[in-house]
Amino acid sequence: MDLDTDVPMEDAVEDVQLTKDAALSKKPDVSISSINQLDQWIEKLTQCEPLSEADVKRLCEMAIDVLQFEENVQPVQVPVTICGDVHGQFHDLMELFKIGGPCPDTNYLFMGDYVDRGYYSVETVSYLVCMKVRYPNRITILRGNHESRQITQVYGFYDECLRKYGSAAVWKLFTDLFDYFPITALVDNKVFCLHGGLSPMIETIDQVRELNRIQEVPHEGPMCDLLWSDPDDRGGWGISPRGAGFTFGQDISEQFNHTNDLSLIARAHQLVMEGFSWSHQESVVTIFSAPNYCYRCGNQAAIMEVDENHQRQFLQYDPSVRPGEPTVTRKTPDYFL
């Protein structure tokens, strides 16, 4: 994305920094009453009961107050547990927290795709956003390619909101909120985390910092690529069969890691049967955290723990036992985005 260049770069950077510093100085404190409200919402959601439309509206307002201060490349410290796609499988998300440990006792980084496909997208995204507002320094939630208006109208979240609330108001509240989600994270300056993959228009992490993320996911360009691209066995850049983003080879990922002094790229976005999969001689790892994806794929899920010494451990898990299976209003497309 192009940057405005109507003023000298030095002045522009200084003005931006002053504006950011002023904004950060006004960052709102979460009141005791808000904490109590959040705890009540979390307790309700833990029972897989959706919030009221009025509560979702208030939650999204509170979340914007937190997320607007986060960066395109959100810094995260170790130890942290890194998670992949969840896709509305709420009971499996609860299993994830049992396996990995409760938040805030455990720090979490989620790499997007909280909605669509599963039956409980509303409860899943509501829960994670509640946790983000309640424990903003303990949980990081990145944007996935499904956190968009266009994709959610096709793959389930829009229909689920209509079914559970009788209108699209809650869908609009959440999709407006998605625009504020950070698009990448950097764990101790060594592990670059994002939903999809690399972009031919991005050589350095600083270029990611310059993007304007507060918008719908574009159909093309660097922001699109970061949420849509996939690693590939072939070298160089390739056309993605998804119709958005690119495929990138080992030469690309190794050069990106070298240029940015990284040890690893961690990403999600692809179903992997063991829950995690290494690519490009362990310069890229894919993490997928929705077991038995779409309630039929038979895959395990995994999360990756990174400790204080940057040692990594994968925890794999199977689907939780779900109390009954609700019906959906229509069959979602078979193509796995």
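When the Cα centres of the range 43-83 and the range 202-235 are compared, how far apart do they sit, in Å? Centre-to-centre distance over Cα atoms comes out at 23 Å. Applying a DSSP loop filter and a limit of 10 other Cβ atoms within 10 Å to the GluC sites (Glu not before Pro) in the range 36-138 leaves nothing.
Karplus-derived 3J(HN,Hα) values for the range 77-88, using 6.51 cos²θ - 1.76 cosθ + 1.60 with θ = phi - 60°, are 9, 7, x, 8, 10, 9, 10, x, 4, 10, 6, x Hz; glycine and proline are entered as x. Checked against a 19 Å cut-off, the cross-linked pairs K57/K98; K44/K164; K132/K164 give Cα-Cα distances beyond that limit for K57/K98; K132/K164. Along the chain, the longest continuous region that contains none of the trypsin sites (Lys or Arg not before Pro) in a DSSP loop with at most 16 other C-beta atoms within 10 Å is 27-137. Phi-derived couplings, Karplus 6.51 cos²θ - 1.76 cosθ + 1.60 at θ = phi - 60°, listed residue by residue for the range 200-211: x, 9, 10, 9, 10, 5, 4, 5, 5, 4, 7, 5 Hz, with x used for Gly and Pro.
Per DSSP H run of n ≥ 4, the term is -39500 (n - 2.57); total these for the chain, divide by its residue number, and report the mean residue ellipticity at 222 nm rounded to 500 deg cm²/dmol. Could you put the intermediate results ahead of the total?
Values: 11 runs with 120 residues, N = 337.
Using -39500 (n - 2.57) per qualifying helix, the result is -11000 deg cm²/dmol.
Considering every alpha-carbon pair of the range 45-317, the percent of pairs per 10 Å bin, from zero through the bin containing the longest distance, is 7, 33, 39, 19, 3, 0.
Readers should treat all values here as calculations from the given coordinates under stated rules, not as data from a laboratory. Worth saying up front: this structure is predicted, and the values here are computed from it rather than measured. Glycine also receives a Cβ, built like all others from the backbone with ideal geometry; neighbour counts cover every protein chain displayed.
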